[in-house]
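Student: My questions will all concern the structure given below.
The values are calculated or read from the model by the stated rules, or taken from the named source; none is laboratory data. Every value quoted in this text rests on a predicted model; they were computed, and no experiment measured them. Don't worry about glycine lacking a Cβ; one is built from the backbone with ideal geometry, like all the others, and counts go over all protein chains shown. To get the accessible areas, we keep the full protein, side chains included, count just its heavy atoms, and leave off ligands, DNA and RNA. Shrake-Rupley method; radii C 1.70, N 1.55, O 1.52, S 1.80 Å.
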Amino acid sequence: MTLRDLLQRDRARRTTLVTGQVTPEAGRCVQCGICTYYCPINIDVRRHAWLGEPVQESHCLTCGECVARCPRGVLHFERIELFQP
Amino acid sequence: MSTRYVIVGQGVAGIAAAEAIRAADAGGHITLLSDDPHGYYSRPGLAYYLTGEISRAHLFPWREAEFTHLRLQRVQGQASVLDPAGHRLLLSNGATLPYDRLLLATGSAALRPTLPGIDLPQVVTLDNLADAERILGLARKAHSAVVVGGGITALEIVEGLREHCRRVHYLLRGERYWGNVLDEAEGRIVLDRLAADGVQVHTHSELAAIEAKRGRVASILTASGKRVPCDLVAMAIGVAPRAELARAAGLQVDRGVLVDEFLRSSAPDIYAAGDVAQVYDVRAGKALLDTLWTAARSHGDAAGQNMAGGSLRYVKPTPLNVTRLAGITTTIIGSVGFGRDADLVGIARGDSELWRQLGQALVAEDEHEVNRLRLLVGPTTLIGAVLMGDQRLSRPLQRLISEQTDITSIRAQLLAPNAPLAALLTRLTEGFR
Ligand SMILES: Cc1cc2nc3c(=O)[nH]c(=O)nc-3n(C[C@H](O)[C@H](O)[C@H](O)COP(=O)(O)OP(=O)(O)OC[C@H]3O[C@@H](n4cnc5c(N)ncnc54)[C@H](O)[C@@H]3O)c2cc1C
């Protein structure tokens, strides 16, 4: 990976960080636990998937690990409007 | 007096029912019975536990706090007799549980063929956590393992064993893998991928006997006389609903416990949900079985609401599974095949009878290496789809098929030779999230 790639990735991540949240689709989830297992800061992502609620915890890094690891496409990033009227 | 609810089964159907009951009835007394000492855990997760992708602790979705919050009384024990007239359930330890409403959420169990050697201790099936631990224990010591059967579970066991054993043999009776759900090309992709991963695939190999030396599995013998040395044999030839309680109690049982649109069985105050329930499907026009986690959850939820006084008419959603077949992520949705599969007796795990109810439909296909899309095209809607590899279309397809979106505007193009299926579908679904 070149330095430019790295910087670009970092920028993409920052953008996600401010405008995205991990959103589950409960109807696809089988509670296998892979998302929770791989969360670097131990958020119980699976619980959010059960409840069908976005991961809104302020300390979620939006690192994308759970989204990428989920074997069933339950999780995706959803844009959020930061500055809602 | 508060209503006494008894739920037989602590799988996802039972859990979802308990949540729904508590949401509607704060004062009811809810008992959750299970004959599995491990209680509630993710059965689909067992596949990832076998491969080492998750730890044992991560199989359990609920912490103690969640059970406490719902005020559930959990009882470990086996229900042995259901007495609908007396409104009570007898347990094998002699205890009696009286009920006002009862839910049968007993799941399904793996079938075993009758064969010489089938009762040897190194012959395993995969129903529960204890089975997974047994398989892991045996696999760590085994040099060679044989897997027999079809559907998803057979491959999950193959993949799990591949992580621990030097040699894994997979026996198929015929030429094709899961021939009544996947088409020839899809089955071929799966078998080629297994072979590339070092699995010895034996087609046209019907298991005839399991042979032992000093009380331990030593080899298997096929009907054509081929002998494969092994220390472990895993069977995944299908499952059957655990409907014995219901059958013995005189409830209407076909392959599973027959329920009406409110998930009520033929006996008063007894409901059924999950793998054990045979539920009416509007698309097929008959009652069918599913062995799908999300189906079990939605049955349980609807049954729970109705047990607590609701009158929710349950409409079965289009059966969907997103799973891994030989490492290739695959979405199966709607009706995609028909007929019987030589390797399975009935239904497998993570499976749906609707998948094999394909009537008249035209097929549109698109394939790039392991990425493959097969669409079953009806007169005005898509009837089903199998998507292997790249999963970007999985979600849009789920909506198109379950919502029966009119595809007339692109139908002719979909069916044209070499049609760019992905691009056409994307155009149609651009408005979807
Ligand atoms: C290895 C494996 C892989 C799977 N993969 C997938 C997948 O990829 N996708 C998917 O959608 N589904 C998959 N499934 C299927 C899914 O797990 C089931 O459809 C789901 O668990 C069914 O839920 P249930 O509540 O109906 O039954 P279960 O989860 O089977 O629970 C049944 C409960 O009933 C209890 N019980 C039964 N009889 C008695 C009795 N007489 N007395 C007391 N208790 C009793 C059992 O102890 C258990 O607690 C898989 C299953 C397995 C085993």
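Student: Taking the Cα centre as origin and putting +1 on Lys and Arg beta-carbons and -1 on Asp and Glu beta-carbons, what dipole magnitude results for the protein assembly as shown, to the nearest 20 debye? Don't jump to the answer; show the numbers that get you there.
Tutor: Numbers: 57 positive and 55 negative charges, 139 e Å.
With only Lys, Arg, Asp and Glu charged at Cβ, the dipole is about 660 debye.
Student: Which of B:122, B:398, B:266 sits farthest toward the positive end of the charge dipole of chain B, with +1 on the Cβ of Lys and Arg and -1 on the Cβ of Asp and Glu?
Tutor: Result: B:122.
Student: On to the next question. Quick one: putting +1 on the C-beta of Lys and Arg, -1 on the C-beta of Asp and Glu, what dipole do you get for the stretch B:112-237 around its Cα centre, in Debye to the nearest 20?
Tutor: Working: 16 positive and 16 negative charges, 137 e Å.
The dipole magnitude comes to about 660 debye.
Student: Using r as the Cβ-Cβ distance of residue B:140 and residue B:209, and R0 as 41 Å, what FRET efficiency do you calculate, to the nearest 0.05? List each step's numbers first, then the result.
Tutor: Working: r = 26 Å, r/R0 = 0.63.
Step by step, r from the Cβ atoms, then E = 0.95.
Student: Then there's this: Where the centre of each part is set by its Cα atoms, how far does the stretch B:214-282 sit from the stretch A:49-80, in angstrom?
Tutor: For the stretch B:214-282 versus the stretch A:49-80, the Cα centre distance is 35 Å.
Student: Express the relative contact order of the stretch A:21-76 as a whole percentage, based on alpha carbon pairs under 8 Å and six or more residues apart in sequence.
Tutor: Relative CO of the stretch A:21-76 lands at 50 percent.
Student: Using the 4.7 Å Cβ rule, please list in number order the cysteines from the protein assembly as shown without any candidate partner.
Tutor: A:29, A:32, A:39, A:60, A:63, A:70, B:165, B:230
Student: If I model a spin label as a point 7 Å beyond the Cα along the Cα-Cβ vector, how far apart are those points for residue A:61 and residue B:363 in nm?
Tutor: 4.6 nm
Student: Okay, next question. Please give the residues from the stretch A:26-44 for which the solvent-accessible area of heavy atoms, probe 1.4 Å, is smaller by at least 30 Å² with all protein chains in place than with the chain isolated.
Tutor: Residues meeting the cut-off: A:27, A:28, A:30, A:31, A:32, A:34, A:37, A:44.
Student: A further question on this structure: If you average the C-alpha positions of the stretch B:1-22 and of the stretch B:144-182 separately, how far apart do those two centres end up, in angstrom?
Tutor: Comparing the Cα centres of the stretch B:1-22 and the stretch B:144-182, I get a distance of 36 Å.
Student: Relative contact order for chain B using alpha-carbon pairs under 8 Å, separation at least 6, rounded to a whole percent? Mind dumping the intermediate values first?
Tutor: Numbers: 994 pairs, mean separation 66.5, N = 433.
Computed value for chain B: 15 percent relative contact order.
Student: Positive end of the charge dipole of the stretch B:284-384 (Lys, Arg +1 and Asp, Glu -1 on Cβ, about the Cα centre): tell me which of B:288, B:308, B:332 has its Cα farthest that way.
Tutor: The Cα lying farthest towards the positive end belongs to B:308.
Student: Under a Cβ-only charge scheme (Lys and Arg +1, Asp and Glu -1), can you give me the dipole magnitude of chain B about the Cα centre, in debye to the nearest 20?
Tutor: Working: 46 positive and 46 negative charges, 114 e Å.
Its charge dipole is roughly 540 debye.
Student: Can you tell me the order of B:126-133, B:312-319 when each peptide is scored by its average per-residue count of other Cβ atoms within 10 angstrom, highest first? Walk me through the numbers on the way to the answer.
Tutor: Numbers: B:126-133: 18.6, B:312-319: 17.1.
Listed from highest to lowest mean packing, they are B:126-133, B:312-319.
Student: Quantify how strongly other chains surround peptide B:328-337 by giving the mean number of their Cβ atoms within 10 Å of each of its Cβ atoms. Mind showing how you got there, number by number?
Tutor: Working: counts 0, 3, 0, 3, 0, 0, 0, 0, 0, 0.
Average per residue, whole number: 1.
Student: On to the next question. Among B:147-154, A:70-77, B:23-30, how do they line up by average Cβ neighbours within 10 Å per residue, starting with the highest?
Tutor: Ranking the peptides B:147-154, A:70-77, B:23-30 by packing returns B:147-154, A:70-77, B:23-30.
Student: What is the average number of partner chain Cβ atoms found within 10 Å of a Cβ in B:38-44? Please list the in-between numbers first.
Tutor: Working: counts 0, 0, 1, 3, 7, 3, 7.
Average per residue, whole number: 3.
Student: State, to one decimal in nm², a quarter of the convex hull surface area for the C-alpha atoms of the stretch B:63-162, i.e. the direction-averaged projected area. Please report the intermediate quantities before stating the final value.
Tutor: Details: hull surface 40.6 nm².
Hull-based average projected area comes out at 10.2 nm².
Student: Right, something else. Which three extents, in whole angstrom, do the alpha-carbon atoms of the protein assembly as shown cover along their principal axes, largest first?
Tutor: The Cα atoms of the protein assembly as shown stretch 72, 70, 49 Å along their principal axes.
Student: Where in the stretch B:373-390 does the label zone of residue B:409 land, with the point 7 angstrom along Cα→C-beta and an amide N cut-off under 17 Å?
Tutor: B:380-382
Student: For chain B, what does the equivalent ellipsoid look like in terms of its semi-axes, each the square root of 5 times an eigenvalue of the Cα gyration tensor, given largest first in whole Å? The partial results should precede the final answer.
Tutor: Working: eigenvalues 246, 191, 69 Å².
Taking √(5λ) for each Cα gyration eigenvalue gives 35, 31, 19 Å.
Student: Excluding residues fewer than 8 places away in the same chain, name every one of the lysines whose C-alpha is closer than 19 Å to that of residue B:141.
Tutor: B:213
Student: Note down the nm distance, to one decimal, between modelled labels 7 Å out along Cα→Cβ at residue B:166 and at residue B:342.
Tutor: Spacing of the two 7 Å Cα→Cβ label points: 3.1 nm.
Student: First compute the accessible area of the stretch B:112-237 with a 1.4 Å probe, then give the percent of it belonging to carbon and sulfur atoms.
Tutor: On the way: 2380 of 5180 Å².
Exposed carbon and sulfur together represent 46 percent of the surface.
Student: Oh, and also: Translational D (Stokes-Einstein, µm²/s) of the stretch B:320-428 at 37 °C and 0.692 mPa s when Rh comes from the Kirkwood sum over C-alpha pairs? Please report the intermediate quantities before stating the final value.
Tutor: Details: Rh = 14.3 Å.
Translational diffusion coefficient: 230 µm²/s.
Student: How big is the B-A contact in terms of buried accessible area, both chains counted, 1.4 Å probe, rounded to the nearest 100 Å²?
Tutor: Numbers: alone 18830 and 6250 Å², together 22760 Å².
Buried surface at the B/A interface: approximately 2300 Å².
Student: Here's something else I'd like to know. Compute the distance from the alpha-carbon center of the stretch B:407-426 to that of the stretch B:51-107, in whole Å.
Tutor: That distance is 49 Å.
Student: Taking 8 Å as the Cα distance limit and 6 or more residues as the minimum spacing, I'd like the relative contact order of the stretch B:361-426 as a percentage. Before the final figure, lay out each step's value.
Tutor: Working: 96 pairs, mean separation 19.6, N = 66.
Relative contact order, the stretch B:361-426: 30 percent.
Student: Ignore the peptide's own chain and count Cβ atoms of other chains within 10 Å of each Cβ in B:394-406; give me the average, rounded. Walk me through the numbers on the way to the answer.
Tutor: On the way: counts 3, 4, 0, 0, 4, 0, 0, 0, 1, 0, 0, 0, 0.
Other-chain Cβ atoms within 10 Å of each residue's Cβ, averaged: 1.
Student: Take every Cα-Cα pair in the stretch B:112-237 and report what % of them are more than 27 Å apart.
Tutor: Numbers: 882 of 7875 pairs.
Percent of Cα pairs beyond 27 Å in the stretch B:112-237: 11.
Student: Check every DSSP H run in chain B and write down those whose alpha carbon atoms cover 15 angstrom or more along the long axis and whose mean Kyte-Doolittle hydropathy is 1.0 or greater.
Tutor: Values: long enough: B:12-24 (18 Å, 1.34); B:129-141 (19 Å, 0.08); B:151-162 (17 Å, 0.80); B:184-196 (18 Å, 0.14); B:293-307 (21 Å, -0.82).
Both cut-offs are met by B:12-24.
Student: Report in % the part of the accessible area of the stretch A:21-76 that belongs to carbon and sulfur, leaving out ligands and nucleic acids; probe 1.4 Å. Write out the running numbers ahead of the final one.
Tutor: Numbers: 1090 of 2170 Å².
Carbon and sulfur: 50 percent of the exposed surface of the stretch A:21-76.
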